[in-house]
Amino acid sequence: MPIYEYACKACDRTFEELVMRRSDEDDVRCPKCKGKRVEKLVSRPAASRSGGDGGSAASSANCGPVG
Ligand SMILES: [Zn+2]
């Protein structure tokens, strides 16, 4: 789902908003202060943990017969 992360410029709060349409981006408000001065942050996957258990999307041919 197209969930974007926003940051409120008024109270400096970050929140995630589900944006279905492009026009909805103009209607995004801060859940805390109801401010409309929000800035869309760089889109990134929700699961962002360092040291995960294997999950590199990059093309790495490192699978072969061991031994
Ligand atoms: Zn706010």
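Worth pointing out:
- Taking each residue of the range 1-20 that is in contact (Cβ under 8 Å) with a residue 60 or more places away in the chain and looking for partners that are assigned to a loop (DSSP other than H, G, I, E, B) and more than 10 Å from the ligand (Cβ to nearest atom) with beta-carbon atoms closer than 9 Å, six or more apart or interchain, yields nothing.
- Number of positions in the range 36-67 that are over 17 Å from the mean Cα position of the chain (by Cα), at pLDDT 60 or above and either surrounded by 10 or more Cβ atoms within 10 Å (Cβ to Cβ) or not small (Gly, Ala, Ser) (or both): 6
- Of all residues in the range 15-24, those that are more than 11 Å from the ligand (Cβ to nearest atom) and surrounded by 11 or more Cβ atoms within 10 Å (Cβ to Cβ) total 4.
- Residue that is modelled with the highest pLDDT [pool: residues in the range 25-35 that are farther than 12 Å from Arg13 by Cα and surrounded by 12 or more Cβ atoms within 10 Å (Cβ to Cβ)]: Val28
The values are calculated or read from the model by the stated rules, or taken from the named source; none is laboratory data. This structure is a prediction, so every number in the text was calculated from the model and none was measured. Cβ atoms come from the backbone with ideal geometry, glycine included; neighbour counts cover every protein chain shown.
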